Amino acid sequence: MTMDLDTSLLRAFLTVARAGSINRAAARLSLTQPALSQRIRGLETQLGHRVFSRSPRGIALTAAGEALLPAAERMVALADQLVPGLDAAAGSIRQRRSIGLLEDTVGWGLATVLAEFAAIRPSLELRVVTGVSPRLGEAYAAGELDLLIADTGEMPMLEERPRNVWRCPLVWAGAPDWPNRGEPLPLVMFSAPCQWRDRMLTALDGAGIAWRIVFESSSLQAVQAALRAGLGVVALLPDTIPAGVARARGIPLPALPGVELGLYVNARFAEDPILRDLARLFLGELSAAGEEGMDVS
């Protein structure tokens, strides 16, 4: 018996398998959770097998799901190549998009989103640049980046408003065994210029807390390493606090203003389906990390 599988069901299956969560996958596909669950049930009905096992700890692929995964990836990739506007119809023309990501957001699953996106579009070349917001903003303003996620407070060089805004908290963090030698407070810092650095110092000065800088770097990884080594405390986005490091406790540290992250899309690509799809994928990932401000138009 011949069986025709709907590619929308296969796409739903792949997204859930990659995201590891119905909620996260629904956000990536711009679907409600019930609608996505219905698609998965429809696929399982057609196949006659369960593709996911569900438990209080989450979902996982069944043996049938594992067997389906590579075939589903091939079928969805082939379907995407046939849709005009996503890639050149036969994939003969190479398309390239350049993405700029604030280094602190890379660990939020955005790199995974980009890898998955490129995998199902064989004719697409993705160039990803990570770094601090001011440098990324300059590259975007110079036309070197097509899509950008950065701190809106560090974008004075841009006249345009972001397409989306997320407000994320800054929290104090330090290794549990970092040596508290009393005042002045040892600080691990991002190198200047940096608005996060300025916010930290302004808050400490306002609270009358003496401080000293014991380590500084423009690299998030270097700052995280200094935290793990127990050198001091720093303000970070919650999702960038490294393993083995916790929010600073036992010290009356002042509250910090949050960070506003913005998603910018080059006006030249306002109607570009590739960047629109990417923007919607980022919407699902970033909405889980912060309070969403504006919708993608």
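The values are calculated or read from the model by the stated rules, or taken from the named source; none is laboratory data. This one's a predicted model, so the numbers in the text were calculated from it and none came from an experiment. In this analysis, Cβ positions are derived from the backbone assuming ideal geometry, glycine residues included, and neighbour counts consider all displayed protein chains.
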Original post:
What residue, among those in the stretch 136-153 that are farther than 14 Å from Asp104 by Cα and without any contact (Cβ under 8 Å) to a residue 60 or more places away in the chain, is surrounded by the fewest Cβ atoms within 10 Å (Cβ to Cβ)?
Top reply: Ala142
Original post:
How many of the residues in the stretch 222-240 are in contact (Cβ under 8 Å) with a residue 60 or more places away in the chain and part of a helix (DSSP H, G or I)?
Top reply: 3
Subject >> Sole residue being closer than 14 Å to Val233 by Cβ, surrounded by fewer than 20 Cβ atoms within 10 Å (Cβ to Cβ) and of a type in the set (Lys, Arg), chosen from Arg167, Arg197, Arg161 >> reply: Arg197
Subject >> Condition check for Leu148: assigned to a helix (DSSP H, G or I), under 23 Å from the mean Cα position of the chain (by Cα) and modelled with pLDDT of 85 or more >> reply: no
Original post:
If you go through the stretch 62-73 one residue at a time, do you hit one that is farther than 15 Å from Asn266 by Cα, surrounded by 15 or more Cβ atoms within 10 Å (Cβ to Cβ), at pLDDT 85 or above and of a type in the set (Ser, Thr, Tyr)?
Top reply: yes
Original post:
Within the stretch 55-75, which residues are assigned to a helix (DSSP H, G or I) and without any contact (Cβ under 8 Å) to a residue 12 or more places away in the chain?
Top reply: Ala63, Glu66, Ala67, Pro70, Ala71, Arg74
Original post:
Considering the stretch 1-54 alone, what residues qualify as being part of a helix (DSSP H, G or I) and among the acidic types (Asp, Glu)?
Top reply: Glu44
Original post:
Residues in the stretch 124-143: is at least one assigned to a helix (DSSP H, G or I) and at pLDDT below 80?
Top reply: no
